[in-house]
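A short write-up of the structure that comes next.
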Amino acid sequence: MTPTVNVSHLKKSFGHVQAVQDVSFEVHPGEIFGLLGPNGAGKTTTLRMMLDIFKPECGEVTLFGGGMTEEKKNRIGYLPEERGLYKDLKLEPTLIYLATLKGLDKATARQRLETWLRRFDLYEHRTKKVQELSKGMQQKAQIITTLLHEPDLIVVDEPFAGLDPINTRLVKDIIEEQRQAGRAVIMSTHQMYQVEALCNRIVLIHEGRTVLYGKVDDIKRDFAGNAVTVAGQGDFTQLAGVLKAQRHNGAWHLALEPGIAPQDIFRALAARADVKIERFEIAEPSLDDIFISVVKGEGETSNA
């Protein structure tokens, strides 16, 4: 199967700042792909090169089996992190106009739009100016703009920003529907639990480079020794070699620093008189644990 997106060894600088140094990944039809990284890692620059907004200094981007064309741009839906609806215009004509820029005629856009407005509970607000809508309503309107022309590639940057739990669930359901329809979805977000719930595969970018890439299940299996679950009595919050300690359902989840083995933590706890261990086991790490471990480990390597 031909990848929807193929990004190969991209590089981009702005003056003396090297925003992207070496990023590669593929995205396939019918998958939700997570593009992850800390602030300033190069995620947005990578997306903008992929979408032909920026030109890379090195590397290559292939979309739908070839280079970018105007016709291919109409097959892409992009929700940027920086929102851009026209604040002084009414909602319905604004969304119809934006759909026509993606190749839809007004009649088709209006017909599709009613369904989306009703689903997002915006139909009664369609004659209001955008600036009169709440932040969450504006976010839902932008998501409609991203999907109204039924794109084959959907790129969403922080899609859950400003949404309450009910609308977050709705957007998650819609993203999954797009995947089931055979479309490729690239999702960039700092909400790791959403990535864990939705994404088939991920790439983690740090300091402009790909540092982790593959299936979520395989990555979690590879990092299985980097977290432990401990139940017992005593203080488990100030342990050497532990990145983060969280209590959940009466047990402690300890994310370990790179190079620290579960046995190291067990020996340290067993040597303490003020701690009583009732349960100790290797835990499946969360993507949040993995993200922190990889970024911290890479940072230590680059600063060595």
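The values are calculated or read from the model by the stated rules, or taken from the named source; none is laboratory data. Note that this is a predicted model, so its numbers are computed, not measured. Note that each Cβ is placed from the backbone with ideal geometry, even for glycine, and that neighbours are counted across all protein chains shown.
A quick yes/no check of all residues on (1) in the same structural domain as residue 83 (by TED's automatic domain parsing); (2) in contact with an Asp or Glu (Cβ under 7 Å, 6 or more places away or on another chain); (3) among the aliphatic types (A, V, I, L, M):
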residue: 101; (1), (2), (3): yes, no, yes
residue: 110; (1), (2), (3): yes, no, no
residue: 118; (1), (2), (3): yes, no, no
residue: 126; (1), (2), (3): yes, yes, no
residue: 131; (1), (2), (3): yes, yes, no
residue: 140; (1), (2), (3): yes, no, no
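Closer than 21 Å to residue 137 by Cβ and either assigned to a helix (DSSP H, G or I) or in contact with a helix residue (DSSP H, G or I) (Cβ under 9 Å, 6 or more places away or on another chain) (or both): which single residue out of 175, 186, 202 fits that description?
175
Kindly list the number of the only condition in (1) under 15 Å from the mean Cα position of the chain (by Cα); (2) more than 28 Å from residue 3 (Cα to Cα) that fails for residue 226.
Every listed condition holds for residue 226 apart from (1).
Considering only residues that are surrounded by fewer than 18 Cβ atoms within 10 Å (Cβ to Cβ) and either assigned to a helix (DSSP H, G or I) or among the basic types (Lys, Arg) (or both), look in region 139-171 and name the one that is farthest from the chain's Cα centre (by Cα).
So, considering only residues that are surrounded by fewer than 18 Cβ atoms within 10 Å (Cβ to Cβ) and either assigned to a helix (DSSP H, G or I) or among the basic types (Lys, Arg) (or both), the one farthest from the chain's Cα centre (by Cα) is 166.
Having 3 or more residues that are within 18 Å of residue 210 (Cβ to Cβ) and touching a strand residue (DSSP E or B) at 6+ places or on another chain (Cβ under 6 Å) is the bar; report the strands (runs of 3 or more DSSP E) wholly within region 23-94 that clear it.
32-36, 58-63
So in region 63-79, with the set limited to residues that are of a type outside the set (Gly, Ala, Ser) and touching a helix residue (DSSP H, G or I) at 6+ places or on another chain (Cβ under 8 Å), which one is surrounded by the most Cβ atoms within 10 Å (Cβ to Cβ)?
63
Residues of region 111-133 being touching a residue at least 24 places away in the same chain (Cβ under 8 Å) and closer than 18 Å to residue 89 by Cα, which ones?
Residues satisfying the conditions are 113, 117, 122, 125, 126, 127, 128, 129, 130, 131, 133.
Residues to consider are 132, 114, 124, 177; find the one that is acidic (Asp, Glu), under 18 Å from residue 33 (Cα atoms) and surrounded by fewer than 21 Cβ atoms within 10 Å (Cβ to Cβ).
177
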